[in-house]
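Following: one structure in structure tokens, then a few remarks.
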Amino acid sequence: MEQLYLMPGQERCEKFRDGNGVPKVRYSYCSLHGALFHCVSRSVEEAQRLCEDWLVGQDRCYRN
């Protein structure tokens, strides 16, 4: 698998089929603080929803 380089605020989405032929999505996002989120899910919408949930938790880490 190739190296993944994302700038803060950048996302990457790659559609593929798993070993059983089921469509899947590899989704990655780099937060504005440089933290990387990565998941494999059934759709882009599902991956973005998971990322949004993750971002809410990340925001808590950076609050004073």
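Couple of notes before you dig in:
- Residue order, fewest to most surrounding Cβ atoms within 10 angstrom, among Cys51, Cys39: Cys39, Cys51
- Whole-Å semi-axes of segment 11-62's equivalent ellipsoid (Cα gyration tensor): 24, 10, 7
- Neighbour counting of Cβ atoms within 10 Å sorts the residues Phe37, Phe16, fewest neighbours leading, into Phe16, Phe37.
- Label point distance in nm, Cys39-Asp53, each placed 7 Å from Cα along Cα→Cβ: 0.6 nm
- Among Leu36, Leu55, the order by Cβ neighbours within 10 angstrom, fewest to most, reads Leu36, Leu55.
- Virtual spin-label span in nm between Gln10 and Val22, 7 Å along Cα→Cβ: 3.1 nm
Every read-out reported here was derived from the displayed coordinates using simple, explicitly stated rules and does not represent laboratory data. Only a predicted model underlies this, so the values are computations on that prediction, with no experimental measurement involved. Here the Cβ is made from the backbone with ideal geometry for all residues, glycine too, and neighbour counts use every protein chain on show.
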